Amino acid sequence: MKLIIKNIGQLAGIDESGRERIMGADMKELRTLDNAYITAEDGMITAYGSMSELPEGRADEEIDARGGIVLPAFCDSHTHIVYAGSREIEFVDKINGLSYEEIAKRGGGILNSADRLHTAGEQELFDEAMPRLQQMMASGTGAAEIKSGYGLSTEDELKMLRVIRRMAEASPMTIRATFLGAHAVARNYIGRQSEYVDLICREMIPAVAAEGLADFVDVFCDRGFFTPEETARMLECGAKYGMRPKIHANELAASGGIQVGVKYEALSVDHLEFTGDEEIAALLGSKTMPTILPGAAFFLGMNYPPARKMIDAGLGVAIASDFNPGSSPSGNMKFIVSLACIKLRMNPQEALNAATLNGAYAMGLQKTHGSITRGKKANLWITQPVSSLEFLPYAYGTSLTAGLVLNGQKVL
Ligand code: NIG
Ligand code: FE
């Protein structure tokens, strides 16, 4: 199967350097080529160049980009899209003055979603979650990580992860699965948090590993949730089963989560609203990708992480949607890129690098996804004709999607 996309106004995100992530001052650069074509064969990018050098010969599928921009499809490295129902009542509670933590303390929040997930069947969850993948694709996303974490019992966590596996089989998107049993202490373990941590280590992680259901292990390491010590215990246990950590850290306080993530070589530490000099120092020189979720800070009306300071210190950062029913009910990565520009003061090029190659890195997909590179997967977002690359985040509420190619095939 051979595909050609012609009349590309600008091909952006080209990278033949072999680098796996983009850091510091390099984040400002996004290589582009004007008036271009790109070809793919058997799902992989084979060639690209100027329209004036368009190769002869026929393709099985031909797309006319009509002057639109073509970018690597977004790599959304942090989502929780398997959930039952929605939580707009809490949204109103927040408008009326309750904080995310207060809602959680009243038994709302994650535990509210856990109650609903408990009564939902696998098929029902699958049917609710698949359209969310479709919404994500509509904004240009081609790869995503999906977490469990609304089960909070062995049985329900397995149920969620089986749904994620089915979604990966059914969708053209590339999906990675993360076990997040330590998202909150289950209702029947309240007051017995360390016993719940024992349950995760003794029962849940081995059961998840036995079915090969998760690539990564996650813990909500934060004030009011799990401590760095408990996190360390669970990460050690996950490591025994080959699960690399990707953790929630420093959303609600400077909780030590970033340091524990770096210590256990987490692929990413995510949220990071409370990041100071010590945390930046811990991240520098590490393999851990700091991942910012500006949709959550936006939706909860909280402080934004110091992205500018982090990049200026030499760090690479990724951005992701955090699509979930409580703190970020949207998987629109194009909007997340706009928020990164507007609220984190990242340049459009920095934000696009953060949402593509650095997002791929945060899922361990950097060798196959996240840039326009010969031999990488042909996952391409085609935009409508626009005046410049900068127009994409500038027009923050407009879709601008003209097409999406995943695995070398047009899916939108
Ligand atoms: O990443 N902070 C922890 N977990 C999710 C929210 C989950 C929920 O509220 O349902 C997050 O924001
Ligand atoms: Fe999250």
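The values are calculated or read from the model by the stated rules, or taken from the named source; none is laboratory data. Model, not experiment: these values are computed from the prediction. Ideal geometry is used to build each Cβ from the backbone, glycine not excepted, and the neighbour counts take in all protein chains shown. With ligands, DNA and RNA removed, areas are computed over all heavy atoms of the protein, side chains included. Shrake-Rupley method; radii C 1.70, N 1.55, O 1.52, S 1.80 Å.
When you look at Phe299, is it at pLDDT 95 or above, within 13 Å of ligand 2 (Cβ to nearest atom), at negative phi and among the aromatic types (Phe, Trp, Tyr), yes or no?
Spelling it out, Phe299 is indeed at pLDDT 95 or above, within 13 Å of ligand 2 (Cβ to nearest atom), at negative phi and among the aromatic types (Phe, Trp, Tyr).
Just checking, which of Ala253, Ala214 is surrounded by 24 or more Cβ atoms within 10 Å (Cβ to Cβ) and under 30 Å from Phe74 (Cβ atoms)?
Every option except Ala214 fails the conditions.
Being of a type outside the set (A, V, I, L, M), open to solvent by less than 30 Å² (accessible area, probe 1.4 Å) and within 16 Å of ligand 1 (Cβ to nearest atom) is true for just one of Pro325, Pro329. Which residue is that?
The match here is Pro325.
Which of the residues spanning region 107-135 are loosely packed, with under 13 Cβ neighbours inside 10 Å and not in a helix (DSSP H, G or I)?
The answer is Gly107, Gly121.
Just to be sure I understand the filter: pairs with C-beta atoms under 6 Å, separated by 6 or more residues or on different chains, first member in region 283-311 and within 15 Å of Val269 (Cβ to Cβ), second member surrounded by 24 or more Cβ atoms within 10 Å (Cβ to Cβ) and among the acidic types (Asp, Glu). Which pairs pass?
So the pair list comes out as Thr291/Asp270; Leu293/Asp322; Ala296/Asp322.
Going by the conditions given, is Thr291 in a helix (DSSP H, G or I) and within 16 Å of ligand 2 (Cβ to nearest atom)?
no
For the list (1) more than 22 Å from Leu389 (Cα to Cα); (2) part of a strand (DSSP E or B), I need the number of the one condition that Gly13 fails.
Every listed condition holds for Gly13 apart from (1).
Could you grab the pairs with beta carbons closer than 6 Å, sequence gap of 6+ or different chains, first residue in region 46-71 and free of Cβ contacts under 8 Å to residues at least 60 places away in the same chain and in a strand (DSSP E or B), second one crowded, with 16+ Cβ neighbours inside 10 Å and charged (D, E, K, R)?
Asp64/Lys6
Just the residues that are open to solvent by 20 Å² or more (accessible area, probe 1.4 Å) and in a helix (DSSP H, G or I), please, taken from region 143-157.
If the condition is that a residue be open to solvent by 20 Å² or more (accessible area, probe 1.4 Å) and in a helix (DSSP H, G or I), then Thr154, Glu155 are the ones that fit.
When the residues of region 251-270 are narrowed to those that are in contact (Cβ under 8 Å) with a residue 40 or more places away in the chain and within 25 Å of Ser99 (Cβ to Cβ), which ends up farthest from ligand 1 (Cβ to nearest atom)?
Gly261
Residue by residue through region 396-405, note down the ones that are touching a residue at least 40 places away in the same chain (Cβ under 8 Å) and over 11 Å from Gly140 (Cβ atoms).
Tyr396, Gly397
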